[in-house]
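Beneath this line is the structure, given in structure tokens, with notes to follow.
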Amino acid sequence: MTSRLKTSAGLRPFLAADTQLLAEIFRASVGELTSDDYSEAQQAAWIAAADDEDVFGARLDGALTLVAIIDGAPVGFAALKGADEIDMLYVHPAVVGQGIGAQLCEALEKLAAARGATKLAADASDTALGFFEHRGFVPQRRNTVPRNDEWLATTMVQKPLAAAQGSKP
């Protein structure tokens, strides 16, 4: 049995030049990690969200998006929409289980608290639900999300946040 080492990635803000590579990470993550929970048609519909890279980049740019970097290369990203919603959190399949997703999620939790949020929510895929539950998120309701001609089952999860340091009660 092999064990995966926990890796610490550097985090930095999203840059427009990251769009193409982050779209590739998104495609690889969905394509390689979700096959136990979603059909090929559902995966293809989901992956199509990155077909128009200008729209994909605008989505990332419209949120507070962090990029995880190892050895100078992006390996994952996470986007905080508004003050209290994780819009996207994806890591390259090659680094799954190394703590990169947890590091990104923890950073978004801190940013959300600093923005005054008292809770953080995410629409978790069936594949990611265990990840979020392990981090203290609690399922709120099941959803079906339309993607092209397919419907994807997801679960809205939520986690209460501690007040940010220095904030008023």
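The values are calculated or read from the model by the stated rules, or taken from the named source; none is laboratory data. Remember, predicted model here, so these are calculated numbers, not experimental data. Every residue, glycine as well, gets a Cβ built from its backbone with ideal geometry; the counts of neighbours run over all protein chains shown. To get the accessible areas, we keep the full protein, side chains included, count just its heavy atoms, and leave off ligands, DNA and RNA. Shrake-Rupley method; radii C 1.70, N 1.55, O 1.52, S 1.80 Å.
Figures for the structure shown
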{"item": "Residue list for segment 108-126, filter: in a loop (DSSP other than H, G, I, E, B) and surrounded by fewer than 16 Cβ atoms within 10 Å (Cβ to Cβ)", "result": "Arg115, Gly116, Thr118, Asp126"}
{"item": "Pair list, Cβ under 8 Å, 6 or more apart: segment 144-161 residue in a loop (DSSP other than H, G, I, E, B) and of a type outside the set (Asp, Glu), other residue open to solvent by 80 Å² or more (accessible area, probe 1.4 Å) and at pLDDT 95 or above", "result": "Leu161/Thr118"}
{"item": "Qualifying positions in segment 129-145 - open to solvent by less than 40 Å² (accessible area, probe 1.4 Å) and polar (S, T, N, Q)", "result": "Asn143"}
{"item": "Top-ranked residue of segment 96-124 - restricted to ones that are in contact (Cβ under 8 Å) with a residue 60 or more places away in the chain and in contact with a Lys or Arg (Cβ under 8 Å, 6 or more places away or on another chain), ranked as nearest to Ala162 (Cα to Cα)", "result": "Gly99"}
{"item": "Residue in segment 2-17 that is modelled with the highest pLDDT, counting only those that are open to solvent by less than 80 Å² (accessible area, probe 1.4 Å) and in a loop (DSSP other than H, G, I, E, B)", "result": "Phe14"}
{"item": "Residue in segment 31-39 that is part of a helix (DSSP H, G or I) and in contact (Cβ under 8 Å) with a residue 24 or more places away in the chain present", "result": "yes"}
{"item": "Total residues in segment 42-56, condition of a type outside the set (S, T, N, Q), in a helix (DSSP H, G or I) and out of contact with any Leu (no Cβ under 8 Å at 6 or more places or on another chain)", "result": "8"}
{"item": "Out of Ile69, Ile25, sole residue that is in contact (Cβ under 8 Å) with a residue 40 or more places away in the chain and open to solvent by 20 Å² or more (accessible area, probe 1.4 Å)", "result": "Ile69"}
{"item": "Test for Gln20: is it open to solvent by less than 30 Å² (accessible area, probe 1.4 Å), part of a helix (DSSP H, G or I) and among the polar types (S, T, N, Q)", "result": "no"}
{"item": "Hits in segment 50-66 (condition: in contact with a helix residue (DSSP H, G or I) (Cβ under 7 Å, 6 or more places away or on another chain), buried (at least 17 other Cβ atoms within 10 Å of the Cβ) and touching a residue at least 40 places away in the same chain (Cβ under 8 Å))", "result": "Gly57, Leu60, Leu64, Leu66"}
